[in-house]
1. I need a count of the residues in the range 43-88 that are within 21 Å of residue 176 (Cβ to Cβ), surrounded by fewer than 17 Cβ atoms within 10 Å (Cβ to Cβ) and among the polar types (S, T, N, Q).
2. Give all pairs with beta carbons closer than 8 Å in which a residue from the range 72-85 that is touching a residue at least 12 places away in the same chain (Cβ under 8 Å) meets a residue that is open to solvent by 80 Å² or more (accessible area, probe 1.4 Å); count only pairs at least 6 apart in sequence or on separate chains.
3. Would a scan of the range 27-39 turn up a residue that is touching a strand residue (DSSP E or B) at 6+ places or on another chain (Cβ under 7 Å) and under 23 Å from residue 170 (Cα atoms)?
4. What number goes with the only condition from (1) without any contact (Cβ under 8 Å) to a residue 40 or more places away in the chain; (2) open to solvent by 10 Å² or more (accessible area, probe 1.4 Å) that residue 122 does not pass?
5. Which residue, of 28, 33, is in contact (Cβ under 8 Å) with a residue 24 or more places away in the chain and either aromatic (Phe, Trp, Tyr) or more than 27 Å from residue 208 (Cα to Cα) (or both)?
6. For the range 158-176, does any single residue satisfy the condition of being touching a Phe, Trp or Tyr at 6+ places or on another chain (Cβ under 9 Å), hydroxyl-bearing (Ser, Thr, Tyr), within 19 Å of residue 17 (Cα to Cα) and at pLDDT 95 or above?
7. If you scan the range 1-40, which residues turn out to be open to solvent by less than 20 Å² (accessible area, probe 1.4 Å), touching a Pro at 6+ places or on another chain (Cβ under 9 Å) and charged (D, E, K, R)?
8. Among (1) among the hydrophobic types (A, V, I, L, M, F, W, C); (2) farther than 25 Å from residue 61 by Cβ; (3) in contact with a Gly (Cβ under 8 Å, 6 or more places away or on another chain), there is one condition residue 146 misses while meeting the rest; what is its number?
Amino acid sequence: MGAPEVRDGTIVVYSDIACPWATVAIARLLRARTEFALDEDVHLDHRSFLLEDVNSAPVAKRVVDAELPVVQALEPELGWTSWQGDPSTWPVTAAPANEAVHAAKRQSLRAAEELDLALRLALFRDSRCIALRHEILDVASSCPSVDVEALGAALDDGSARATMMRDYREHRDAVRGSPHLFFADGYEVHNPGVELRWPDGPGTGSPVVERDDPEVYGDLVRRAVMGSKA
């Protein structure tokens, strides 16, 4: 299938919680939405682009370690830190965390937004193993819009996993990477405002940001307000 259907007033965001670049983009979207007083008019519709499935391998700690100094320079206020736990406790999978966001989305888009950002900060700032159920639920307890008991039940019965995976499989070929944003007017953009390269090859050495324009996020949230009328 092609690009996903997008409702007016929403931005469909395909990403992986274990992706630092998506974390930068989501933080910037949320900030721009607030700056333009659009918190009640624009909502993120989180979808999963599972890098571990795309690459047939876990998101490697060594790759994230190389990316962290770069993304920290882009968004220092997020409080990025290198992994503080034993390397063996780095989450080998982000699928349960992504699934939790989909489960929260059944409660509301706002609940999913809150949990998505909270899980990203738990991983990249607080060094928490977000592959574990109890860690996910403890993080969720800090999210005002999330019903933690209902979330736990959804994780136990796997009711959100099928929806997440079906959507991922249906639209995987339309998504260029994490993050990829889609809008109601048909516009789409991968990793907005950022151009980067890996001089030594993808995932080898350290990435180099050749362009960073955070101002594009104001245009993106305003585009979402216009929706299909743009």
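The values are calculated or read from the model by the stated rules, or taken from the named source; none is laboratory data. Only a predicted model underlies this, so the values are computations on that prediction, with no experimental measurement involved. Using ideal geometry, Cβ is built from the backbone for each residue, glycine included, and neighbour counts are taken over all protein chains shown. Side chains are part of the model used for accessible areas, which takes the heavy atoms of the whole protein and leaves out ligands, DNA and RNA. Shrake-Rupley method; radii C 1.70, N 1.55, O 1.52, S 1.80 Å.
1. Residues flagged as within 21 Å of residue 176 (Cβ to Cβ), surrounded by fewer than 17 Cβ atoms within 10 Å (Cβ to Cβ) and among the polar types (S, T, N, Q) within the range 43-88 amount to 2.
2. That search, which allows pairs on different chains as well, returns 78/72; 78/125; 79/125; 80/72; 80/125; 81/125.
3. No, there is no match, as no residue in the range 27-39 is touching a strand residue (DSSP E or B) at 6+ places or on another chain (Cβ under 7 Å) and under 23 Å from residue 170 (Cα atoms).
4. Answer for residue 122: the failing condition is (2).
5. On inspection, the qualifying residue turns out to be 33.
6. yes
7. Those that are open to solvent by less than 20 Å² (accessible area, probe 1.4 Å), touching a Pro at 6+ places or on another chain (Cβ under 9 Å) and charged (D, E, K, R): 16, 28.
8. (3)
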